[in-house]
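Below: one structure, written as structure tokens.
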Amino acid sequence: MDGKVVLLGIFLLIVSPCFSINIFQLLGQSYRKNLIQFREDPQFGNKKILDEYDFIVVGAGAAGATVARRLAEVSEWNILLLEAGGEESLITSLPSIAHYLQFTNYNWAYHTEKELHACKGLVNKTCPWPAGKGLGGSTIINNNMYTRGNVRDFDRWAEAGNPGWSYNDVLPYFIKNENIEVPELKKSPYHGVGGPLPISYPAYKSKLVDAFLESASEVGMPVGDYNAPGSHVGFSRIQSTTSNGRRITSARAYLHDNLKNLHVVEFGYVTKILIDDRTKVAYGVEFMKNKRKRKVLAKKEVIISAGTFNSAKLLMLSGIGPKEHLNSLGINTVSDLRVGDNLQEHPSFAGLTFLVNETVAFVPDRIYRDLISEAFKIYDKKSFMATLPPEAVGYVKTKYNKDIGDIPDIEYIFMSSSLAGEGGLGGSIGRRSMGVPDKLFYETYNGVLARDTWSIWVMLMYPESRGQVRLRSANPFEKPVINANFFTHPLDLKRIVEGIKMTIELSKTKAFQKYGSTLHKTPLLGCRHLEFGSDPYWECCIETMTMQMHHQSGTCKMGPEWDRNAVVNSQLKVYGVNNLRVIDCSIMPTITGAHTVAPTYMIGEKGADLVKSTWLNKA
Ligand SMILES: Cc1cc2nc3c(=O)[nH]c(=O)nc-3n(C[C@H](O)[C@H](O)[C@H](O)COP(=O)(O)OP(=O)(O)OC[C@H]3O[C@@H](n4cnc5c(N)ncnc54)[C@H](O)[C@@H]3O)c2cc1C
């Protein structure tokens, strides 16, 4: 049965002329009869939620599902988890199709405004900025890469006036979250066994990923566990949030359990936090469901875990934010805080394409032509469909990196495919999700479409530039105004250029030359006035075809009282309002040096403990 549904899903995916047909959610209906005990939904008996809960958690993403679940472990408390989207489906569990999911209702589908130094060649000159929507949040549509970041990232948080957030303080929460399935890491003191989130290597391994790992020694790099202290710099296969070749979302990891005191509302869109004007106490939320406005109360706390964009948006809609901005929209200010500032992300460049002379790459065109046999291969883990698009990472130091020791500044994301390689029947879905227009794509990559290629996406780990999120209006259903301000600090661009040049050198190693790797040299449309391969040429490429990692963070910054930009304190309590916390990726004072889901799970685990220690210690 399982196999037939997946086969049907892949078939529909290919024949569907229009990706807006939401086949994923249709397929999901059969899968929905799963284990969440209580939810307000006609299909599940339509039990009514209560009028009042001990805790209300807004958003069921990486952090929200974690917090709700951990609080529900206190049996005398009741918890309401409100989520704007619906449930994941069977088809979303295939890691290889992550990019396709950005064209479904599982994505809030935001965009930046026009950028001065970035996304200049993309559709409408803006960067598409996805964020996940549904029970699981961005873990429904993300790329499953599990990377914790550097020891120094967390030590810096603590040094900035946030006691309890040093690496040694947060390590137990990374461990608590994890069930490591990589045999050689099971005994590592830095990994967890028995936690809710399985971490494994992708089920399928390509020949090209072996070449990447072999190339490490030729450029003086170790191969090791990037999630253990002291071995961040180096190359490795990806540790991923998958098990047996299937995506594991935060909802699967944390919510599929017999928790009678945890009530879940899907398609419940929270529009406002209710705050008593006089006492400044948060006492509930307003939300819309089925076009009806409703209200639910919280006895103890309201916890906002709506993700970096929507947590900031919800605070501002509720009067918590920069006074001048709220005034301009006629919103009464409850607490004048720098909500929405400090936006951070990992910009990157994904345009490098290396051709190889064997049929060893992930070429959707070939796979989809032989669909039936491929569908069956998924089940014995011999298919590219059971792997992640990114197969390995390398953490390297550029010449601009002045940090001593194990602190890289560029991440290589290795793919045995490329934007060009997935042309043809693959639908060029990766480049579409990045907003690369047809003209730029075809004029640059014609001749190498649907060919065997590999690529390294070069990701900046510690951006100096900062962006901003603001409300477009006081209407909660309008998309926020997002200014990423990428590359406003020139060093950000220079580091990526260096990473690109280092990647080209890497392609010349014996390991890659075994496959005759050659760089595709048609200059990028828009940068043809510059000498191919020069620094100005690469700078132009990055500014033209900027690629993002969707690691939005920092808009509800954690910091001490004296930090004028802080929104929450080290207990994650919002300044100036009682009984209100933000617990999600938005609280990061500075972005971690890696992909953000692992640290967000950690924030969820630690945040839940902070809430427990407040209320369980009260007499
Ligand atoms: C396309 C994509 C690819 C990514 N790839 C990776 C990767 O490979 N590795 C990695 O480490 N990280 C990756 N990330 C980032 C990672 O998934 C996020 O950092 C992480 O999920 C953030 O967790 P969160 O809890 O802060 O927010 P989310 O997981 O985004 O959850 C927020 C939830 O709140 C809900 N919500 C928002 N507003 C409201 C409202 N008003 N009312 C009710 N509910 C609301 C949303 O619908 C959502 O479910 C990726 C992200 C995206 C979008």
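Please treat every number below as a calculation from the coordinates, not as lab data. Keep in mind the model is a prediction, meaning the values are calculated, not measured. For neighbour counting, all protein chains shown are included, and Cβ atoms are generated from backbone atoms with ideal geometry for every residue, glycine included.
Go through LYS176/LYS260; LYS479/LYS573; LYS205/LYS402; LYS280/LYS313 and tell me which ones have a Cα-Cα distance over 30 Å in this structure. Provide the component values of the computation, followed by the final result.
Values: LYS176/LYS260 23 Å; LYS479/LYS573 26 Å; LYS205/LYS402 35 Å; LYS280/LYS313 19 Å.
Beyond 30 Å: LYS205/LYS402.
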Checklist line | Derived scalar couplings ³J(HN,Hα) [the stretch 178-191; Karplus, 6.51 cos²θ - 1.76 cosθ + 1.60; whole Hz; x for Gly, Pro] | finding: 9, 10, 6, 10, 7, x, 6, 9, 4, 8, 5, x, 9, 10
Note to self: Given the options GLY86, LEU449, ALA511, identify the residue whose Cα lies farthest towards the positive end of the charge dipole of the chain (+1 on Cβ of Lys, Arg; -1 on Cβ of Asp, Glu).
What the structure shows: GLY86
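Over the residues of the stretch 239-370, compute the C-alpha Rg and express it relative to 2.2 N^0.38 Å.
Working: Rg = 22.4 Å, N = 132, 2.2 N^0.38 = 14.1 Å.
The value comes to 1.59.
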Checklist line | Inter-centroid distance (Cα atoms) of the stretch 388-456 relative to the stretch 483-499, Å | finding: 17
Note to self: Taking a virtual spin label 7 Å from the Cα of LYS501 along the C-beta vector, which residues in the stretch 535-550 bring their backbone nitrogen under 17 Å of it?
What the structure shows: 535-543
Check: Once amide H atoms are placed 1.01 Å from N in the peptide plane, what residues at a sequence separation of 5 or more from VAL582, or on another chain, have their amide H within under 5 Å of its amide H?
Finding: ILE304, VAL574
Note to self: Highest mean first, how do 213-220, 49-56, 586-593 rank when packing is the count of other Cβ atoms within 10 Å averaged over residues?
What the structure shows: 586-593, 49-56, 213-220
Check: Which of THR592, ALA63, TYR283 sits closest to the plus end of the dipole of the chain, meaning its Cα is farthest towards the positive end, when Lys and Arg get +1 and Asp and Glu get -1 on the C-beta?
Finding: TYR283
Notebook entry, point to check: Along the stretch 535-551, what does the Karplus equation 6.51 cos²θ - 1.76 cosθ + 1.60 (θ = phi - 60°) give for ³J(HN,Hα), rounded to whole Hz, x for Gly and Pro?
Noted result: 4, x, 4, 5, 4, 4, 4, 5, 5, 7, 10, 4, 10, 10, 10, 6, 9
Check: Under a point-charge model restricted to the Cβ atoms of Lys and Arg (+1) and Asp and Glu (-1), what is the dipole moment magnitude of the stretch 234-324 relative to its Cα centre, in debye to the nearest 20?
Finding: 300
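How large is Rg/Rh for the stretch 61-100, to two decimals, with Cα atoms and a Kirkwood Rh? Before the final figure, lay out each step's value.
Numbers: Rg = 13.9 Å, Rh = 12.4 Å.
Rg/Rh for the stretch 61-100 comes to 1.12.
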Checklist line | Kirkwood estimate for the chain, i.e. one over the average of 1/r between Cα atoms, Å | finding: 24.5
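Over the stretch 439-552, what relative contact order in percent results from Cα pairs under 8 Å that are six or more residues apart?
Numbers: 81 pairs, mean separation 27.2, N = 114.
Relative contact order here is 24 percent.
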Item checked: Amide proton proximity set for ILE199, modelled H, under 5 Å, gap of 5+ -> ASN179, ILE180, GLU181
Notebook entry, point to check: Whole-Hz Karplus ³J(HN,Hα) for the stretch 94-104, in order, using 6.51 cos²θ - 1.76 cosθ + 1.60 and θ = phi - 60°, x for Gly and Pro?
Noted result: 7, x, 5, 9, 3, 5, 5, 5, 5, 9, 10
Item checked: Helix axis angle, 167-177 relative to the chain longest principal axis, alpha carbon, degrees -> 90
Next item on the list: Report, by chain and number, residues whose modeled amide H sits under 5 Å from the one on THR271, excluding near sequence neighbours (fewer than 5 apart, same chain).
Entry: GLU286, PHE287, MET288
Check: For the chain, what is the charge dipole size about the Cα centre, in debye to the nearest 20, if Lys and Arg each add +1 at the Cβ and Asp and Glu each add -1 at the Cβ?
Finding: 1180
Next item on the list: May I ask which residue of ILE141, TRP108, ILE482 lies farthest towards the positive end of the charge dipole of the chain, with charges of +1 (Lys, Arg) and -1 (Asp, Glu) on Cβ and the Cα centre as origin?
Entry: TRP108
Notebook entry, point to check: In whole Å, what is the distance between the alpha-carbon centres of the stretch 142-167 and the stretch 536-612?
Noted result: 10
Check: For the stretch 237-300 and the stretch 171-214, what is the separation of their C-alpha centers, rounded to whole Å?
Finding: 28
